[in-house]
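Note sheet for the following structure.
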Amino acid sequence: MSMSAADAPIGVFDSGVGGLSVLRAIRAELPAEDLLYVADSGYAPYGERDAGFIEDRAAAIAGFLLDEGVKAIVVACNTATVVAIEKLRAWCPLPVVAIEPAIKPAARITRSGVVGVLATRQTLASANVARLCAAYGQDIEILLQPCPGLVEQVENAELDSPATRALLETYLAPLLAAGADTIVLGCTHYPFLLPLVRDIVGPERAIIDPATAVAKELARRLGNQRATALRPARTRFLSSAAGGRANAVVSALWGCPVEVEPVQANRNHRLVPAAG
């Protein structure tokens with residue numbers, strides 16, 4: 001690989017801003033890499049969408065990232081992974097690293113034998129989650145808890161509002177009542193709610209966020225394709241949501257002011273820079 005190709009950016013995308021939790025882990029693991037993040041917030045949440053729609057969006061964003069010259073793609077969205085990853089990997093010529101609910105490590109560490117999984121309806125209904133439960137749930141109880149509304153709270157940067165707490169308490173209550181001692185955050189939006197989750201479940205229960213594992217897998221897959229340029233790494237943010245609201249939300253979640261570039265789908269369903 002040439003020097004310039006090794007210095008190509010890494011593309012990361014999610015249904016919205018939740019994948020910033022994965023981007024944060026990637027930045028920590030690979031500080032020299034340029035990163036290009038696409039938030040499909042104009043179409044979030046994916047969790048209530050049909051599979052065909054999600055597959056089309058994943059293909060459109062991946063095509064855009066290829067046009068931008070990325071060297072690898074990270075699908076920082078559990079729903080997009082379980083619905084679209086096989087088709088995406090079938091045609092994409094680059095390494096594609098994806099995230100999935102961390103049921104395997106949860107099964108390994110539970111002491112009570114009860115694991116709770118918070119995720120979107122589409123993720124929990126997938127064949128991928130059924131496979132994970134069959135593979136690692138033979139000797140434990142895995143409780144799958146759909147969480148409608150939580151993605152929207154994070155998309156609005158409402159990380160500690162009374163409404164967000166009320167939703168979390170509703171979804172966590174049956175898991176705690178059943179004796180779950182390990183909680184899996186099965187959506188990349190949910191790590192931004194970690195302080196609230198911790199406050200509700202208490203200090204003695206394990207909470208698993210797989211973002212660091214994804215970043216380490218990306219580093220492994222890159223191998224000798226690591227960046228070599230001796231310059232500050234850049235991070236670009238793009239969103240299919242309109243206007244300054246994207247700037248405000250991404251800045252709030254990323255932890256510093258950022259400029260978010262708008263993108264939109266053209267008539268061929270490929271993403272392009274938004275006009276104006």
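The values are calculated or read from the model by the stated rules, or taken from the named source; none is laboratory data. Here the structure is a predicted model, which is why all the values come from computation and not from measurement. With ideal geometry, Cβ positions are generated from the backbone for all residues, glycine too; neighbour counts draw on all protein chains shown.
Show the residue pairs that are 6+ apart or on different chains and have beta-carbon atoms under 9 Å apart, the first residue being within the stretch 27-48 and outside the structural domain of Gly255 (by TED's automatic domain parsing), the second being among the β-branched types (Val, Ile, Thr) and in a loop (DSSP other than H, G, I, E, B).
Note: no pairs meet the criteria.
For the stretch 228-247, give me the residue count where each residue is within 19 Å of the chain's Cα centre (by Cα), of a type in the set (A, V, I, L, M, F, W, C) and modelled with pLDDT under 95.
Qualifying residue count, the stretch 228-247: 2.
Does Ala233 satisfy the condition of being closer than 15 Å to Leu20 by Cα and either in a loop (DSSP other than H, G, I, E, B) or not charged (D, E, K, R) (or both)?
So Ala233 fails the test.
Go through the stretch 143-164 and give me each residue that's under 21 Å from the mean Cα position of the chain (by Cα), farther than 21 Å from Ala102 by Cα and either in the same structural domain as Asn78 (by TED's automatic domain parsing) or part of a helix (DSSP H, G or I) (or both).
Selection gives Glu152, Gln153, Glu155, Thr164.
Among the listed residues Glu217, Glu259, identify the single one that is over 17 Å from Glu33 (Cβ atoms) and acidic (Asp, Glu).
Selected residue: Glu259, the only one of Glu217, Glu259 that is over 17 Å from Glu33 (Cβ atoms) and acidic (Asp, Glu).
Of all residues in the stretch 32-76, which are within 30 Å of Asn224 (Cβ to Cβ) and β-branched (Val, Ile, Thr)?
If the condition is that a residue be within 30 Å of Asn224 (Cβ to Cβ) and β-branched (Val, Ile, Thr), then Val38, Ile61, Val70, Ile73, Val74, Val75 are the ones that fit.
Take the residues of the stretch 226-262 that are within 18 Å of Glu152 (Cβ to Cβ) and small (Gly, Ala, Ser): which is surrounded by the fewest Cβ atoms within 10 Å (Cβ to Cβ)?
Among those residues, the one meeting the criterion is Gly243.
In this structure, does Ala215 turn out to be crowded, with 16+ Cβ neighbours inside 10 Å, modelled with pLDDT of 95 or more, among the small types (Gly, Ala, Ser) and not in a loop (DSSP other than H, G, I, E, B)?
Criteria met by Ala215.
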